[in-house]
Amino acid sequence: MERPEAEPLGASDSCQAGEAEPGTGLAEEEPGGGAAGTMMEDCLSKKIEITVSEAEKRTGRNAMNMQETYTAYLIETRAVESQTEGQCSPPDSLWRRYSEFELLRNYLLVNYPHIVVPPLPEKRAEFVWHKLSADNMDPDFVERRRIGLENFLIRVASHPIICQNKIFYSFLTQEGGWKEMVNETGFQLKADSRLKALNATFRVKNPDKRFTELKHYSDELQSVISHLLRVRARVADRLYGVYKVHGNYGRVFSEWSAIEKEMGDGLQSAGHHMDVYAASIDDILEEEEHYADQLKEYLFYAEALRAVCRKHELMQYDLEMAAQDLASKKQQCEELATGTLRTFSLKGMTSKLFGQETPEQREGKIKVLEEQIHEGEEQLKSKNVEGREFVKSAWTDIERFKEQKNQDLKEALINYAVMQISMCKKGIQVWTNAKECFSKM
Amino acid sequence: MFFPWQQCFLSVAVPIILFPPHGKRSTKFSGYCHVQIQDLSLPNGTPVDTSSPASSSSLLNRLQLDDDLDGETRDLFVTVDDPKKHICTMETYITYRVTTKTTRAEFDLPEYSVRRRYQDFDWLRNKLEESQPTHLIPPLPEKFVMKGVVDRFSEEFVETRRKALDKFLKRIADHPVLSFNEHFNVFLTAKDLNAYKKQGMALLSKMGESVKYVTGGYKLRSRPLEFAAIGDYLDTFVLKLGTIDRIAQRIIKEELEYLVELREYGPVYSTWGGLEVELAEPLEGVSACIGNCCTALEELSDDMTEDFLPVLREYILYSESMKNVLKKRDQVQAEYEAKLEAVALKKEDRPKVPAEVEKCQDRVECFNADLKADMERWQNNKRQDFRQLLMGMADKNIQYYEKCLMAWESIIPLLQDKPETK
């Protein structure tokens, strides 16, 4: 594993053991990443069953005291043991709306920057083909969102680290006052500003190469999945058209059969099969939406990957800046001590022009600088440790994520193939039936 | 594809009352007759014993024609194949080989092979319409092709045309009256058709002339029910076919647009596969699979364009020409009624109906008989043709789905493949 090369010369590496920052959950992490299987034993998902079982339209007043309509989702939790014992204990349940899910996720993002945090289903319907509504209140959209939110909760609960978070647990179990509790943690203040992150991305000199590669990968993944989703929506649109036009055969065969004697029956019944064919596309495409949703999840996961890379870049940049700062202070100190001016400085010039400092003044400055240098060295040490810890734990989670991704996407592709096979079989059935009707003409 | 033919002779041309048939099967006729005007020989070259012009009563001796001819009773087989391009200084055109095999006495040889171009078919059809105005003449594929829109020399276009021309000649060859037409005979046999054409231009067939109806604007009193029914039927039939044609065209258009999107869709999986390690093969597999589906879809829409649409259009043309024949029939009847009325108004002593009016009556009844017989043939053929056409359409769709099914089923094992097993 490479170390970030920004470690300034002479900095001691004596601090090996990581002093974890409180609240990041690093202290709870088990060493030696890898086998996620053993960690799963501890996962919340093994202890409780989580479902988002219902969605309901609500009206209420928003922050500006204006009436608004929104959808609330019912989260039900049930202890797993109670199931296996054969008892059907009633689940605990509470209602949450989408914005609360967003709040939860943002909290997790800030507090677990080294984790690839599962994404939420999309806020607004995108990549729709024309028959799908882009309206957030549309029942099909709400239904798919319900499933997406459930999936999100299960993913979080299945993650060995974040499932242990108290705020998450409260989200599932504490109806009132949860929002206040989250805000009281002051996590928003800890969040890195976007501008700072952007700055770091451009200016960082020696990020870990794996993260750079990962960043490129997640950019390309986003791009390719977006493209795929866009084209898939167009494909769905066209396929819909093909099937629906066949419905017109139904009507004209019926009209034609009216003027025929022997051919009439065959035509009429064939026409009926054409209607069946035209109608079948609705279910087919609805099923395909689930596939699209699976792809979308990984589209958004790419963004989560990106976030981890950004955090690394930020930390690395921070480290580099601190090292640079320390180096320049040391140099200043040296200059003052030896009286030589290595680099041009305004102060140096002005003091030359307006008179030299007194030895006491110089001593004072040196002392201040030495203090600062000492502080800086301590800070640099801890930043180094932090950085290395971050890289280690982030990379563990990234490996876990890769496994998950490969498995999930393989399954998604298999399901897609199965859907196609089913569609082909239905097509064969319908046309075989129609052919038989035609043969009786 | 030639059926084994047997030494059986059919006198097809005249009603059974004049010439009893030989051969294994006794064939019967539903009142086919010729428009006989006393002194003239029939245009088809068949020598006929012209006893008294068939009066209405004898013509009414109808016997049913067994139209379900199988290979045993056929004695004339015609095929159109082998299209060839001819490049001359003045023009470029296609000729087709027309092969005939027959045992009929009207042909000097048992086999013929000649080359004909579309013009020649067109000429034949016009001649048939002229000389057999009481019969339904099968349609030809459309004559004019917009240059620039369709490539007249493309394989698909030529093949579509060849099939239609083949059908055209087969329909004539199967027709108990038309197949004995002199022009048809010459078309099938003459080495130099152009010479015959020029000869024919000079003198119009007398039969044709006599049968050219005076469209004196005679008004029809009452159309016999059966012909009114046929007329109504054809009107609706043509409409429905038109609708089906439009639907089929629309489906092809939608399928092609679907194909365009699929062609972009497949490769994206491939691109994605390039980014991945473990997923590379599965993604590549899906990409290839979609490619196979594209090929299958293209084949489907090509088939529909080449095989389905032309036959539909042919039937629309057929129906239109039938309606024309019905109109002619109406005219003949109207003329007869007008003349009859004129005679009645004269209130002369003569109880006997003048010969001219009797001629008209004969014409009417012959026309009706021919037309009715042809209509029945047409209905039967139509039924078979459409059964075949629609079953063919269903078949092509089944084949399309079967190809896609195979493609998707074959990648399931690839997708399920665990990395350890590799």
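The values are calculated or read from the model by the stated rules, or taken from the named source; none is laboratory data. Bear in mind that the values here come from a model prediction, so they are computed numbers and not experimental data. Reconstructed Cβ throughout: ideal geometry from the backbone, glycine too, with neighbour counts over all protein chains shown.
Could you check, for the range B:265-285, whether at least one of its residues is in a helix (DSSP H, G or I), in contact with a Lys or Arg (Cβ under 9 Å, 6 or more places away or on another chain) and under 30 Å from residue B:247 (Cα atoms)?
Yes: one or more hits.
How many residues, within the range B:258-284, are within 7 Å of chain A (Cβ to nearest Cβ) and closer than 30 Å to residue B:385 by Cβ?
So the answer is 1.
Scan the range A:279-290 and tell me whether some residue there is part of a helix (DSSP H, G or I) and surrounded by 22 or more Cβ atoms within 10 Å (Cβ to Cβ).
Scanning the range A:279-290, I find no residue that is part of a helix (DSSP H, G or I) and surrounded by 22 or more Cβ atoms within 10 Å (Cβ to Cβ), so the answer is no.
Can you name the residue in the range A:149-185 that is without any contact (Cβ under 8 Å) to a residue 12 or more places away in the chain and not in a helix (DSSP H, G or I) and is also surrounded by the fewest Cβ atoms within 10 Å (Cβ to Cβ) among such residues?
Across the range A:149-185, the extreme among qualifying residues is A:176.
Within the range B:214-243, how many residues turn out to be of a type in the set (A, V, I, L, M) and in contact (Cβ under 8 Å) with a residue 12 or more places away in the chain? Reasoning before the result, please.
Of the residues in the range B:214-243, the ones of a type in the set (A, V, I, L, M) are B:214, B:220, B:225, B:228-230, B:234, B:238-239, B:241.
Within this subset, residues satisfying the condition of being in contact (Cβ under 8 Å) with a residue 12 or more places away in the chain are B:214, B:220, B:230, B:234, B:238, B:241.
Matching residues across the range B:214-243 total 6.
Which of the following residues is at pLDDT below 95 and within 22 Å of residue A:71 (Cα to Cα): A:185, A:173?
Exactly one of A:185, A:173 is at pLDDT below 95 and within 22 Å of residue A:71 (Cα to Cα), namely A:173.
Which one is nearest to the chain's Cα centre (by Cα) among residues in the range B:285-295 that are at the interface with chain A (Cβ under 10 Å from one of its Cβ atoms) and hydrophobic (A, V, I, L, M, F, W, C)?
Top of the filtered list is B:293.
Can you tell me which residue within the range B:244-257, out of those that are touching a residue at least 40 places away in the same chain (Cβ under 8 Å) and at the interface with chain A (Cβ under 7 Å from one of its Cβ atoms), is farthest from residue B:302 (Cα to Cα)?
Here the residue is B:244.
Starting from residues that are within 7 Å of another protein chain (Cβ to nearest Cβ) and farther than 17 Å from residue B:408 by Cα, keep the ones in the range A:410-441 and report whichever is farthest from the chain's Cα centre (by Cα).
A:441
Return yes when residue B:280 is free of Cβ contacts under 8 Å to residues at least 60 places away in the same chain and either touching a Cys at 6+ places or on another chain (Cβ under 9 Å) or surrounded by fewer than 16 Cβ atoms within 10 Å (Cβ to Cβ) (or both) and no when it is not. Walk me through how you get there before you give the answer.
Numbers: free of Cβ contacts under 8 Å to residues at least 60 places away in the same chain: yes; either touching a Cys at 6+ places or on another chain (Cβ under 9 Å) or surrounded by fewer than 16 Cβ atoms within 10 Å (Cβ to Cβ) (or both): yes.
In short, yes.
If I filter the range B:402-409 for residues that are touching a residue at least 40 places away in the same chain (Cβ under 8 Å), touching a Cys at 6+ places or on another chain (Cβ under 7 Å), away from every other protein chain (no Cβ under 14 Å) and over 30 Å from residue B:245 (Cβ atoms), do I get at least one hit?
No, there is no match, as no residue in the range B:402-409 is touching a residue at least 40 places away in the same chain (Cβ under 8 Å), touching a Cys at 6+ places or on another chain (Cβ under 7 Å), away from every other protein chain (no Cβ under 14 Å) and over 30 Å from residue B:245 (Cβ atoms).
Applying the selection to the range A:192-225, what residues are part of a loop (DSSP other than H, G, I, E, B) and surrounded by 14 or more Cβ atoms within 10 Å (Cβ to Cβ)? Talk me through it step by step, then tell me what you get.
Taking the range A:192-225 as the starting set, the residues that turn out to be part of a loop (DSSP other than H, G, I, E, B) are A:192-193, A:204-208.
Selection gives A:192, A:204, A:206, A:207, A:208.
I'd like the full set of residues that are modelled with pLDDT of 75 or more and among the small types (Gly, Ala, Ser), limited to the range A:66-87. Break it down into steps so the answer makes sense when it comes.
Of all residues in the range A:66-87, those modelled with pLDDT of 75 or more come to A:66-80.
Correct list: A:72, A:79.
Could you list all residues from the range A:190-217 that are within 10 Å of another protein chain (Cβ to nearest Cβ) and either touching a Pro at 6+ places or on another chain (Cβ under 8 Å) or of a type in the set (Ser, Thr, Tyr) (or both)?
A:217, the sole residue that qualifies.
Of the residues A:241, A:250, which single one is over 30 Å from residue A:95 (Cβ atoms), touching a residue at least 12 places away in the same chain (Cβ under 8 Å) and small (Gly, Ala, Ser)?
Residue meeting the stated conditions: A:250.
Can you tell me which of (1) within 8 Å of another protein chain (Cβ to nearest Cβ); (2) under 26 Å from the mean Cα position of the chain (by Cα); (3) modelled with pLDDT of 95 or more is the one residue B:396 doesn't meet?
(1)
Return only the number of the condition from (1) in contact (Cβ under 8 Å) with a residue 60 or more places away in the chain; (2) crowded, with 21+ Cβ neighbours inside 10 Å that residue B:394 does not satisfy.
Looking at each condition in turn, residue B:394 falls short on (1).
Taking helices (runs of 4 or more DSSP H) that fall entirely within the range B:134-205, which contain at least 1 residues that are modelled with pLDDT of 90 or more and of a type in the set (Lys, Arg)?
It comes to B:155-174.
Mind checking whether some residue in the range A:378-399 is part of a helix (DSSP H, G or I), away from chain B (no Cβ under 14 Å), free of Cβ contacts under 8 Å to residues at least 12 places away in the same chain and over 32 Å from the mean Cα position of the chain (by Cα)?
Yes: one or more hits.
So is residue B:241 in contact with a helix residue (DSSP H, G or I) (Cβ under 8 Å, 6 or more places away or on another chain), within 7 Å of chain A (Cβ to nearest Cβ) and not in a loop (DSSP other than H, G, I, E, B) or not?
The answer is no for residue B:241.
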